[in-house]
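Just so it is clear, none of the values below were taken in a lab; they were calculated from the coordinates. Just so you know, these numbers come straight off a predicted model, no measurement behind them.
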Amino acid sequence: MNISPASMTILNVEFERLRRIRMIRLMADVMAFLDEIQSSLPSKGISNPRCPFGRSLIHYAAIGDCTELLVHLIEYRTEIDYLDRNKRTPLSWAAEYGSLNAVRILLKHGAKVNTIDDIYCTPLTWLVKAGDVESGSLAATEAYLRKKGARRRGLIRAWFLNKLGLL
């Protein structure tokens, strides 16, 4: 899939925003992963590779509220609830980082609002318990998720289901 020059300009800005996120900035492997993807976009187009930590590009796009990148990945037919190695979805990462625009896009395209990861947390749980304080939109993201039916009860519910042998 070819990327237009106008879209590439926006994508470059989004990649720079990703590099400024503390978690990403402190991980050399992730920085190299993002550099490699960005440099290959003009020639290879969009894809959804995984980094050494088991997250894919759609997870990082959600973390960074990279709407242009998310739209390209969705057009590429990337699975909207694609799981990382900890069974976290892009929505879970977007919620934790207060990426309101990414949350809206993901939910609009069918992301499940109450998915449970490998430690029985929902996206709303991540936002409330570990939300990135550098984000200025945690409250708005929380309000939007709650409006869309998000719950924090994943941990307790999953524990019971696990005890009953249903999970």
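Values computed for the structure shown
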item	result
Length-normalised contact order for the chain - Cα pairs under 8 Å, 6+ apart - percent	17
Net lengthening on full extension, Lys129/Glu79 (0.36 nm per residue, minus Cα-Cα)	15.4 nm
For the chain, the fraction of alpha-carbon pairs in successive 10 Å shells from zero, as %	11, 40, 34, 13, 3, 0
Listed residues Ala102, Ala130, Ala111, most fluctuating in the chain (Gaussian network, C-alpha, under 10 Å)	Ala130
Among Lys87, Lys112, Lys129, residue whose mean-square fluctuation peaks in a GNM of the chain (springs only between Cα atoms under 10 Å)	Lys129
Mean shadow area of region 28-90 over all directions, Cα convex hull, nm²	4.0
Nearby lysines by direct alpha-carbon distance to Lys148 (threshold 18 angstrom, same-chain neighbours under 8 apart not counted)	Lys108, Lys112
Mean separation of Cα contacts under 8 Å (6+ apart) over length of region 79-133, as relative contact order %	39
Within a Gaussian network of the chain (alpha carbon springs, distance under 10 Å), most fluctuating of Ser43, Ser56, Ser135	Ser43
Convex hull volume of region 1-64 per residue (C-alpha atoms, cubic angstrom)	74
